[in-house]
Amino acid sequence: MPFDIQVTRTREPKPRPPAGDLGFGRFYGDHLFLADHEGRGWKNPRIVPYGPIPLDPAASALQYAQAMFEGMKAVPGERCPLLFRPQMHIRRFNASARRLCMPEVPEEDFLHALRALVREDASWVPTEPGASLYVRPTMIGTEAFLGVRPSQKYLLYVLTSPVGNYFGPRPTPLRLWVETEHVRAARGGIGAAKAGANYVAGMAAGERAKKAGFHQVVWLDQNHRNVEEAGTMNIFFRIGDTVVTPPLEDSLLAGVTRDSALQLLREWKVTVQERAVSIAEVAEASARGELKEAFGTGTAATISAIGELQWGEKTIRLGDGRGEIADRLYRAMMELFGSRRPDRRGWLVPVDGS
Ligand SMILES: *Cc1c(COP(=O)(O)O)cnc(C)c1O
């Protein structure tokens, strides 16, 4: 039996934000899904009008960052909205939970909750091309206790947010700063979990890069040698005719978009390698004229072409940044999101039904 969800609908639906002016994460839907965990199992699953949540100032999420989230999208469908690969996001949510000593959510219950919430907020799914309803499951430790151990109480909640294209209406090639001082995550750390703490670790370097005119940073590993990610995206390079992306170490986030891109590339018979790639190798490939393109992948931005990498004094340019593979992937993903019906891979899951 999946969650028996109590639904309290809003009596004051909010005005819809103007199309074309959505940005990322500026507007929120009318409802929240919530569930509590105390000791054993999830209780009181409910959908309520969107609003603040009460939290004790000593809560472990606030004191020790026992907090994590997911990010997935819903797109318009013929009959009802479609969620993109929700099961994979749920499995990753539970993997993050295990790493952070937090309780898992049974897959079937979680999917049921996501569908129910998106059904309630269906009118918030934007219909313009490239836009989507971003769905943000979050879990926080809520027990008021200052001793250092896992919280004994948790809140699971899911909010929705209509979003436009992350980097603007027409994605511009990214200029990225290769960060050689800070690291986002180290081996043995929590880099593979979608923890808010990983994001704050990267903020100082991100801000420094933005002040210097870059969009984001490229993260290297703890030895400042191998490339790991691009901001909050996974990263790909095309060297000659081979597409290379770093392998899934525990300092990297296993992106659903990364997985989707790899699957499409393999279907297209493009040679792909998941292997360590050093920033020196990237620079050398560029010097030989073999670095054809680079791009980032993530739910928010989908596929983002990279136009330039600044590594110390060295500027690595990637033509006009509109690489052939990145472009083909971007178009394939946009076509999929715009198709309005479940696909043959089973990636688009209707929110109708239980
Ligand atoms: C969420 C995230 C990604 C992208 O994952 P998707 O599932 O493709 O959205 C990549 N890197 C980091 C650090 C992330 O947090």
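Side notes on the structure shown:
- Between ALA186 and ARG341, the modelled label-to-label distance comes to 5.3 nm, taking each label 7 Å out from Cα in the direction of the beta carbon.
- Mean residue ellipticity (222 nm) of the chain, computed from DSSP H runs ≥ 4 via -39,500 (n - 2.57), nearest 500: -7500 deg cm²/dmol
- Between the stretch 80-145 and the stretch 1-41, the alpha-carbon centres lie 11 Å apart.
- Pairwise centroid distance, computed over Cα atoms, of the stretch 324-343 with the stretch 274-293, Å: 27
- Equivalent-ellipsoid semi-axes of the stretch 6-164, from the Cα gyration tensor, Å, largest first: 28, 16, 15
- Gained length - ALA276 relative to ASP320, 0.36 nm times residue gap less alpha-carbon distance: 13.3 nm
- Tensor-based shape of the stretch 161-262 (alpha-carbon gyration tensor, a/c under 1.5 rounded, otherwise prolate or oblate): rounded
- Length-normalised contact order of the chain in % [C-alpha pairs under 8 Å, at least 6 apart]: 19
- Placing a pseudo-label 7 Å from each Cα along the Cα-to-Cβ vector at ALA144 and ARG79 gives an inter-label distance of 4.8 nm.
- For LEU32, nonlocal amide neighbours, meaning residues 5 or more places apart or on other chains whose placed amide H falls under 5 Å from its own, are VAL48, TYR50.
- 0 to 90° range, to nearest 10: angle between helix 324-337 axis and the chain longest Cα axis: 20
- Between helix 196-211 and the chain: long-axis angle, C-alpha atoms, 0 to 90°, nearest 10: 40
- For the set LYS210/LYS314; LYS211/LYS314; LYS292/LYS314; LYS194/LYS314; LYS14/LYS43; LYS73/LYS194, the pairs lying more than 21 angstrom apart at their alpha carbons are LYS194/LYS314; LYS14/LYS43.
- If you take the Cα centroid of the stretch 43-58 and the Cα centroid of the stretch 214-255, the two points sit 36 Å apart.
- Local electrostatic count at LEU83 - Lys and Arg +1, Asp and Glu -1, tallied over other residues with Cβ under 10 Å: +3
- 3J(HN,Hα) along the stretch 7-15: 10, 10, 7, 5, 9, 10, x, 7, x Hz, from the Karplus curve 6.51 cos²θ - 1.76 cosθ + 1.60 with θ = phi - 60°, whole Hz, x for Gly and Pro.
- Order of HIS37, HIS31 - criterion: other Cβ atoms within 10 Å of each residue's Cβ, fewest first: HIS37, HIS31
- With viscosity 1.306 mPa s and temperature 10 °C, the Kirkwood radius over alpha carbon pairs of the chain converts through Stokes-Einstein to a diffusion coefficient of 75 µm²/s.
- Cα long-axis angle, helix 256-267 against the chain (0 to 90 degrees, to the nearest 10): 50
Here, each number is a calculation from the coordinates, and none is a lab measurement. On a predicted model such as this, the values are computed, not experimentally measured, just so you know. Backbone-built Cβ (ideal geometry, glycine too); neighbour counts: all protein chains shown.
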